[in-house]
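As structure tokens, the structure follows; a few thoughts come after it.
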Amino acid sequence: MFVKKTKFLRGILTGILALSMVGCGAQNPSTPEGQERAKQVTLTGAGSTFVYPLLNQQIEAYRKVNPSLVINYQGNGSGTGIKQVSEQTIDFGATDGPMTDDQLKAVKGGTVVQVPLTLGVVAVTYNIPNAPKQLKLGPQVLADIFLGTITDWNDQRIAVDNPGVIFPDLKIAVARRSDGSGTTYIFSDYLSSISAAWLSKVGKGTSLNWPVGMGGKGNAGVASVVQQTPGSIGYVELAYAVHNKLSFATLLNREGKWVVPSLKGASSAAVASKIPADMRVSIVNAPGADAYPIVGFTWALLYQDQKDKAKGSALVKFLNWSIHDGQSLSEGLLYAKLPPDLVTLEEKMLKTITSEGQPLLK
Amino acid sequence: MRKVEESENMSKNKKLTGSLGDKTFCLLTLFMAMSVLVLMVWIGWQMVDSARPSIAKFGFSFVTGRVWDPVKEQFGALPFIYGTLVTSFLALIIAAPVGLGVAIFLNEMATSKVRSVIAFLVEMLAAIPSVVYGLWGIFILVPWLRETVEPGLAKWLGFIPLFQGTPLGFGMLAGGLILAVMILPTIAAISREVLAAVPNEQREAALALGATKWEMIRIAVLPYAKSGVLGGVMLGLGRALGETMAVTMVIGNRPDILSSLFAPAYSIAAVIANEFTEATYDLYLSALVEIGLILFGITLILNVFARVLVWSVARGPRGGLS
């Protein structure tokens with residue numbers, strides 16, 4: 001009986017070993033199958049979670065255009081994207097905050113080019129029992145709410161912009177992001193541009209020293225905090241506000257018009273802004289009659305001089321497709337399309353990317 | 001003859017002069033034990049190395065600083081240390097008596113059918129993933145706290161600063177409660193084992209002297225088991241200190257030191273999980289590693305303290321009125 005037991009055990013172990021070997025054969029480059037796969041180009045990218053849904057869909061759709069290209073994109077944060085591009089451990093990065101001069105200097109592989117991929121819209125959501133549908137919040141009021149200076153919904157300053165609305169006697173519970181986030185960057189960029197107090201006290205960034213507020217993890221976290229807590233106010237990407245059927249506030253744009261967050265408002269902001277040559281620009285509080293004040297770009301980061309010709313060429317072609325045909329996927333996911341003039345400029349910029357002295361895009 | 005020789009060898013405990021198989025086995029197990037130690041030292045060393053820029057810049061003021069400002073490059077760990085310690089101890093205060101109570105009930109009072117069912121369910125609590133606890137916390141615990149428990153506490157115990165302030169649901173109390181639920185199975189399981197190991201003679205002796213059931217437990221069982229129960233409680237504390245996901249989802253994530261349990265707070269594990277991916281510059285990254293190092297240190301100190309406590313308690317008389 002003891003002998004039977006060991007034979008049985010041996011059989012099981014051999015079986016497990018055999019099963020684990022099955023996976024190894026598929027990557028052997030000397031078989032005919034393996035040789036075909038060797039021509040396949042793999043690109044790795046990392047960065048912003050803000051752009052992840054769109055980029056993922058674009059990567060899927062691009063497989064029909066170029067089936068031998070495999071792109072792996074990991075949404076593990078703009079900071080990680082910038083860091084890994086600087087250290088050349090990935091082929092391209094994506095970030096919601098443009099790289100600063102210091103970060104560009106610290107880069108190890110030459111010049112980094114920043115190419116806008118899409119436009120994101122940040123909506124201010126709130127949860128007030130018996131709430132007015134379109135709550136109007138002026139820029140100074142918004143800044144003061146997030147600074148903690150205005151603490152009650154029935155404050156006079158909120159009532160001034162919303163005549164005829166009766167606010168309950170409820171304390172304002174501020175909700176914001178606990179994790180580092182591009183959405184926070186765009187929102188704090190806006191508050192910094194319209195409030196000197198915010199700029200000096202808090203500033204802008206992906207992680208901030210918030211004066212007040214509870215942190216929720218991710219856009220989903222903030223949305224759930226706002227949904228659950230009466231009297232709360234928070235900021236989320238437009239897609240989350242729409243899909244969770246949250247009420248969002250109407251804001252005052254630079255021209256003095258009250259606008260709701262929308263893709264049209266985002267495009268107006270982008271069109272009306274002056275885009276510099278290196279494309280590092282903040283478009284919050286943009287001029288333009290229909291511009292929505294809290295919008296921002298997400299940039300792809302790649303080196304001007306690509307070391308690997310095959311990879312560089314595949315990457316540049318993918319990005320070119322993304323800013324042209326790939327934009328048709330934006331509106332379904334509630335991202336705004338890049339304005340056509342900007343796309344022309346970006347194409348020119350992509351044409352300056354070279355490998356071994358030769359431009360990769362003709 | 002050979003049998004006598006072999007038994008002599010074994011009793012002399014000369015491991016290295018045994019057969020080749022024995023030698024190999026001993027060395028192999030020694031290697032495994034050493035590698036665990038080496039791993040721990042290596043982790044500590046790596047962390048100190050990565051935290052060097054932050055240690056150089058802030059020195060001791062990192063531990064006492066109250067401001068965590070990534071934009072102005074100003075980092076201080078005190079709010080996180082406070083949050084971690086308060087939630088863990090709150091969890092302990094709630095879970096230790098309940099866990100011990102569960103163990104006493106299962107061992108001393110339950111019939112075997114009831115025992116097997118409840119024991120199984122309590123151990124299942126330990127199998128639930130942390131994230132699932134977090135989701136339960138957000139959708140069930142927090143609204144319950146915000147609507148029922150916190151206003152109730154504010155009404156009856158509002159004169160204590162611990163229970164003042166706006167009930168938001170998210171906050172220190174939610175963090176402590178969720179941790180209590182998570183460490184309960186650990187404490188209950190270990191206490192059960194320890195209580196079951198108390199020899200029956202102790203119980204019979206107390207009963208023979210005329211003790212009631214509760215007196216018997218109090219006099220004969222608990223004192224005998226106290227070092228083991230304490231060990232279990234410390235194990236639970238260790239888990240509570242490091243718990244990340246469930247805590248960050250309900251604690252409110254606000255690096256502030258406030259006296260109220262209703263106020264949002266922040267724990268060390270939560271801040272590392274939240275901010276690590278977006279740490280865009282080296283000082284930020286090394287500040288996060290340094291705060292992780294502080295947690296490492298706190299856990300080590302508390303474990304040493306626990307060991308000393310368990311040892312000193314075990315030294316005392318077992319059984320009887322101590």
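Worth a mention:
- Candidate set from region A:166-211 (those that are assigned to a loop (DSSP other than H, G, I, E, B) and more than 8 Å from every other protein chain (Cβ to nearest Cβ)); member that is farthest from B:Asp256 (Cα to Cα): A:Ile166
- Yes/no for A:Asp101 being of a type in the set (Asp, Glu), free of Cβ contacts under 8 Å to residues at least 12 places away in the same chain and either within 28 Å of A:Lys317 (Cβ to Cβ) or out of contact with any Gly (no Cβ under 9 Å at 6 or more places or on another chain) (or both): yes
- Residue in region B:19-28 that is closer than 30 Å to B:Ser191 by Cβ and not β-branched (Val, Ile, Thr) present: no
- Yes/no for A:Leu319 being at pLDDT below 90 and closer than 24 Å to A:Arg63 by Cα: no
- Applying the condition of being within 11 Å of chain A (Cβ to nearest Cβ) and in a helix (DSSP H, G or I) to region B:146-173 and asking which residue is surrounded by the fewest Cβ atoms within 10 Å (Cβ to Cβ) yields B:Glu147.
- Looking only at residues of region B:255-279 that are without any contact (Cβ under 8 Å) to a residue 40 or more places away in the chain and of a type outside the set (A, V, I, L, M, F, W, C), we find that the one that is surrounded by the fewest Cβ atoms within 10 Å (Cβ to Cβ) is B:Thr277.
- Filtered residue count, region A:57-71, keeping only those that are closer than 14 Å to A:Ser313 by Cα and surrounded by 14 or more Cβ atoms within 10 Å (Cβ to Cβ): 4
- Qualifying residue in region B:235-245 (condition: within 12 Å of chain A (Cβ to nearest Cβ) and buried (at least 23 other Cβ atoms within 10 Å of the Cβ)): no
- Selected residue (only one of B:Ile272, B:Ile268 is among the hydrophobic types (A, V, I, L, M, F, W, C) and under 23 Å from A:Gly81 (Cα atoms)): B:Ile272
- Region B:190-247 holds helices (runs of 4 or more DSSP H) entirely within its bounds, and those carrying 3 or more residues that are within 30 Å of B:Ala174 (Cα to Cα), among the hydrophobic types (A, V, I, L, M, F, W, C) and touching a residue at least 40 places away in the same chain (Cβ under 8 Å) map to B:222-242.
- Residues (in contact with a Leu (Cβ under 6 Å, 6 or more places away or on another chain) and either touching a residue at least 12 places away in the same chain (Cβ under 8 Å) or exposed (fewer than 13 other Cβ atoms within 10 Å of the Cβ) (or both)) located in region B:99-117: B:Gly99, B:Ala103, B:Asn107
- Subset of region A:311-344 [surrounded by 18 or more Cβ atoms within 10 Å (Cβ to Cβ), out of contact with any Gly (no Cβ under 7 Å at 6 or more places or on another chain) and in a loop (DSSP other than H, G, I, E, B)]: A:Ser330, A:Leu334, A:Lys337, A:Leu338, A:Pro339
- Some residue of region A:256-271 being within 30 Å of A:Thr42 (Cα to Cα), buried (at least 17 other Cβ atoms within 10 Å of the Cβ) and not basic (Lys, Arg): no
- Considering residues of region A:78-91 that are touching a Lys or Arg at 6+ places or on another chain (Cβ under 9 Å) and within 14 Å of chain B (Cβ to nearest Cβ) only, the residue surrounded by the fewest Cβ atoms within 10 Å (Cβ to Cβ): A:Glu87
- Residues of region A:156-166 that are within 12 Å of A:Leu137 (Cα to Cα) and surrounded by 15 or more Cβ atoms within 10 Å (Cβ to Cβ): A:Ile158, A:Asp161, A:Asn162.
- Enumeration of residues in region A:309-331 that are free of Cβ contacts under 8 Å to residues at least 60 places away in the same chain and more than 15 Å from A:Leu117 (Cβ to Cβ): A:Lys309, A:Gly312, A:Ser313
- Condition met for A:Thr125 (farther than 19 Å from A:Phe248 by Cβ and among the polar types (S, T, N, Q)): no
- Set B:Ser260, B:Ser286: member being part of a loop (DSSP other than H, G, I, E, B), more than 8 Å from chain A (Cβ to nearest Cβ) and hydroxyl-bearing (Ser, Thr, Tyr): B:Ser260
- Residue in region A:265-273 that is over 21 Å from A:Val107 (Cα atoms) and not in a helix (DSSP H, G or I) present: yes
The values are calculated or read from the model by the stated rules, or taken from the named source; none is laboratory data. Note that the structure is predicted; figures quoted are calculated from it, not measured. In this analysis, Cβ positions are derived from the backbone assuming ideal geometry, glycine residues included, and neighbour counts consider all displayed protein chains.
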